[in-house]
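The values are calculated or read from the model by the stated rules, or taken from the named source; none is laboratory data. Remember, predicted model here, so these are calculated numbers, not experimental data. With ideal geometry, Cβ positions are generated from the backbone for all residues, glycine too; neighbour counts draw on all protein chains shown.
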Amino acid sequence: MRKRNNQKAFTLIELLMVIGIIGLLAVMAVAAVKIAQQKARIAKVQNDINEIYKAISAMANDTGTWPGHQTIDEVNNSANNEICADGCTFGLSSPQAGIVATDGSYGGWNGPYMRQIPADPWGNEYFFDTDYAIKNDGSNEPCDGGVIGADCIEVVVVGSYGPDGIGNEQYNRDDIIKIVAK
């Protein structure tokens with residue numbers, strides 16, 4: 001059938017350009033959604049860390065100690081001072097930590113201070129570390145491989161190992177922390 005002169009049609013190049021533009025817009029939309037999801041995960045972590053910090057503060061007011069019977073407002077770099085699920089003696093959810101339950105050794109314990117310690121958005125347990133190394137430049141970034149005193153200082157933190165889940169004395173830039181004491 002012949003095309004009449006007054007009929008308009010799209011050329012193959014025009015159709016391919018429209019399909020390409022739609023594809024480009026779809027890629028941009030997917031990227032924007034992923035960025036928004038990552039920001040939402042980080043916001044959740046920050047909120048969870050604040051809630052854990054409040055629970056630790058309430059427990060400290062009642063018992064006079066931090067989780068694991070550690071001294072309040074003191075950097076402690078002795079062995080087994082970290083409270084975490086991976087590679088530690090016990091995690092924040094355990095009775096030895098004193099936040100969710102007690103092992104009976106916390107005088108004045110009036111908890112539970114949280115019903116449960118949630119997992120972070122990447123499925124890892126939060127941690128409490130009384131000798132977490134950060135850069136000594138005011139940036140509060142984790143210090144990986146520096147010298148304590150010159151390049152790094154030790155602080156007390158509540159945190160998440162971040163998206164990569166690497167933690168317990170393996171500090172890196174994706175850790176999300178709240179400094180509790182210096």
* Asked: List, please: which pairs have Cβ atoms under 6 Å, are six or more places apart or on different chains, and start with a residue in the stretch 65-89 that is within 13 Å of Ala181 (Cβ to Cβ) and end with one that is of a type outside the set (Val, Ile, Thr) and loosely packed, with under 14 Cβ neighbours inside 10 Å?
  -> Asp73/Ala181
* Structure fact -> For the stretch 151-164, pairs from a residue that is touching a residue at least 12 places away in the same chain (Cβ under 8 Å) to a residue that is among the hydroxyl-bearing types (Ser, Thr, Tyr) and assigned to a loop (DSSP other than H, G, I, E, B), with Cβ under 6 Å and 6 or more apart or across chains, are Ser160/Tyr126
* Structure fact -> Residue pairs qualifying under the 9 Å Cβ cut-off, at least six apart or on distinct chains, with the first in the stretch 49-61 being within 7 Å of Ile99 (Cβ to Cβ) and surrounded by fewer than 19 Cβ atoms within 10 Å (Cβ to Cβ) and the second being basic (Lys, Arg) and modelled with pLDDT of 95 or more, are none
* To do: For Pro142, indicate whether it is touching a residue at least 12 places away in the same chain (Cβ under 8 Å), of a type outside the set (A, V, I, L, M) and either touching a Pro at 6+ places or on another chain (Cβ under 8 Å) or at negative phi (or both).
  => yes
* Structure fact -> Taking first residues from the stretch 28-47 that are under 9 Å from Pro121 (Cβ atoms) and in contact (Cβ under 8 Å) with a residue 40 or more places away in the chain and second residues anywhere that are surrounded by 10 or more Cβ atoms within 10 Å (Cβ to Cβ) and among the small types (Gly, Ala, Ser), the pairs with Cβ under 7 Å that are 6 or more apart or on different chains are Val45/Ser160
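Scan the stretch 52-87 residue by residue and report those that are of a type outside the set (A, V, I, L, M) and either under 20 Å from Asp174 (Cα atoms) or touching a Leu at 6+ places or on another chain (Cβ under 8 Å) (or both). Spell out the reasoning first.
In the first step, residues of the stretch 52-87 are kept if they are of a type outside the set (A, V, I, L, M); the result is 53-54, 57, 61-71, 73-74, 76-78, 80-82, 84, 86-87.
Result: Tyr53, Pro67, Glu82, Cys84, Asp86, Gly87.
Give the residues of the stretch 57-72 that are more than 23 Å from the chain's Cα centre (by Cα) and within 16 Å of Val155 (Cα to Cα), sorted by residue number. Show your work before the answer.
Residues of the stretch 57-72 that are more than 23 Å from the chain's Cα centre (by Cα), as a first pass: 61-65, 69, 71.
If the condition is that a residue be more than 23 Å from the chain's Cα centre (by Cα) and within 16 Å of Val155 (Cα to Cα), then Thr71 is the only one that fits.
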* To do: Write out, first by first residue and then by second, each pair whose Cβ atoms fall under 7 Å of each other, whose residues are 6+ apart or on separate chains, and whose first residue, in the stretch 106-126, is in contact (Cβ under 8 Å) with a residue 24 or more places away in the chain and polar (S, T, N, Q) while the second is surrounded by fewer than 19 Cβ atoms within 10 Å (Cβ to Cβ) and part of a loop (DSSP other than H, G, I, E, B).
  => Asn124/Gly165
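Would you call Gly98 buried (at least 18 other Cβ atoms within 10 Å of the Cβ), touching a strand residue (DSSP E or B) at 6+ places or on another chain (Cβ under 9 Å) and without any contact (Cβ under 8 Å) to a residue 40 or more places away in the chain?
Working: buried (at least 18 other Cβ atoms within 10 Å of the Cβ): yes; touching a strand residue (DSSP E or B) at 6+ places or on another chain (Cβ under 9 Å): yes; without any contact (Cβ under 8 Å) to a residue 40 or more places away in the chain: yes.
Spelling it out, Gly98 is indeed buried (at least 18 other Cβ atoms within 10 Å of the Cβ), touching a strand residue (DSSP E or B) at 6+ places or on another chain (Cβ under 9 Å) and without any contact (Cβ under 8 Å) to a residue 40 or more places away in the chain.
Table: residues versus (1) buried (at least 19 other Cβ atoms within 10 Å of the Cβ); (2) touching a strand residue (DSSP E or B) at 6+ places or on another chain (Cβ under 8 Å); (3) at pLDDT 80 or above.
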{"residue": "Ile83", "(1), (2), (3)": "yes, yes, yes"}
{"residue": "Leu92", "(1), (2), (3)": "yes, yes, yes"}
{"residue": "Ser105", "(1), (2), (3)": "no, no, yes"}
{"residue": "Pro112", "(1), (2), (3)": "no, no, yes"}
{"residue": "Ala119", "(1), (2), (3)": "no, yes, yes"}
{"residue": "Tyr126", "(1), (2), (3)": "yes, yes, yes"}
{"residue": "Ala150", "(1), (2), (3)": "no, no, no"}
{"residue": "Ile176", "(1), (2), (3)": "yes, yes, yes"}
{"residue": "Val180", "(1), (2), (3)": "yes, yes, yes"}
